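The structure appears below as structure tokens.
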Amino acid sequence: MRVALTGTPGTGKTTASERLPYPTLHLNDAVREHDLWTEEDTDRDSLVVDVDALAAWVDDHVEAGETVVLESHLAHLLDADRVVVLRCRPDVLESRLRERGESDAKAAENSESEALDVVLSESVQRHGEERVYEIDTTERTPEDVAAEIEAVVDGDREPSAGTVDFTDYLHP
Ligand SMILES: Nc1ncnc2c1ncn2[C@@H]1O[C@H](COP(=O)(O)OP(=O)(O)O)[C@@H](O)[C@H]1O
């Protein structure tokens with residue numbers, strides 16, 4: 001089974017993935033290590049990913065029949081059997097990112113994106129609501145988040161797209 005573990009930067013994907021019993025492909029690392037990008041976005045200090053090249057790289061690194069986690073804020077752009085979207089209340093997300101050393105501008109940009117449900121909407125658009133599972137990490141420990149992800153993999157959770165609403169945190 002392919003599980004896409006996605007969510008706005010800062011929602012806790014890397015931290016949760018380290019606590020899962022499944023092999024995890026950290027796609028952002030793969031993009032850099034194997035030059036799976038088309039150009040540099042200097043304004044946003046990021047790379048424009050070549051999604052087709054990334055998809056081909058993943059195909060080459062996933063054993064048929066194994067459960068594998070594809071971890072990245074872009075993971076939902078790839079084929080997956082289930083899509084786990086981590087969520088975090090935007091004000092908490094902003095402080096997490098600042099504590100991680102991100103710039104105020106980047107922290108604010110991601111906080112706004114989280115309030116606008118950008119990753120969730122893209123995930124539903126690409127995979128359909130029946131494959132999308134939201135997990136709100138705001139008040140969960142990384143261990144609890146990992147346990148919730150395992151429950152999704154085990155089929156113990158119903159799809160839950162749209163259960164999280166952070167519109168109250170949209171900046172006027
Ligand atoms: N469940 C959680 N509760 C509180 N803080 C968390 C949680 N998960 C991650 N963090 C912290 O938030 C920051 C972002 O986590 P990280 O796993 O890097 O997010 P992502 O991989 O989604 O960008 C890190 O500093 C991490 O220590």
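The values are calculated or read from the model by the stated rules, or taken from the named source; none is laboratory data. These figures come from a predicted structure and were not determined experimentally. For neighbour counting, all protein chains shown are included, and Cβ atoms are generated from backbone atoms with ideal geometry for every residue, glycine included. Accessible surface is based on the protein model in full, side chains and every heavy atom, while ligands, DNA and RNA are left aside. Shrake-Rupley method; radii C 1.70, N 1.55, O 1.52, S 1.80 Å.
Sort through Val48, Val68 and tell me the only one that's in contact (Cβ under 8 Å) with a residue 12 or more places away in the chain and surrounded by 12 or more Cβ atoms within 10 Å (Cβ to Cβ). Val68 is the lone residue from the list that is in contact (Cβ under 8 Å) with a residue 12 or more places away in the chain and surrounded by 12 or more Cβ atoms within 10 Å (Cβ to Cβ). Taking the criterion of being more than 8 Å from the ligand (Cβ to nearest atom), open to solvent by less than 60 Å² (accessible area, probe 1.4 Å) and either of a type outside the set (D, E, K, R) or assigned to a helix (DSSP H, G or I) (or both), the residues of segment 122-137 that qualify are Ser123, Val124, His127, Gly128, Val132, Tyr133, Ile135. Flag not set for Val84, criterion: away from the ligand (no atom under 11 Å from the Cβ) and more than 11 Å from the chain's Cα centre (by Cα). Among the numbered conditions (1) touching a helix residue (DSSP H, G or I) at 6+ places or on another chain (Cβ under 8 Å); (2) farther than 18 Å from Asp79 by Cβ; (3) part of a strand (DSSP E or B), the only one that Leu25 does not meet is (2).
Applying the criterion of at least 1 residues that are more than 22 Å from Gly12 (Cβ to Cβ) and among the charged types (D, E, K, R) to the strands (runs of 3 or more DSSP E) found wholly in segment 31-117 leaves 37-41. Selection of segment 51-78 for residues being of a type in the set (D, E, K, R) and in contact with a helix residue (DSSP H, G or I) (Cβ under 7 Å, 6 or more places away or on another chain) yields only Glu71.
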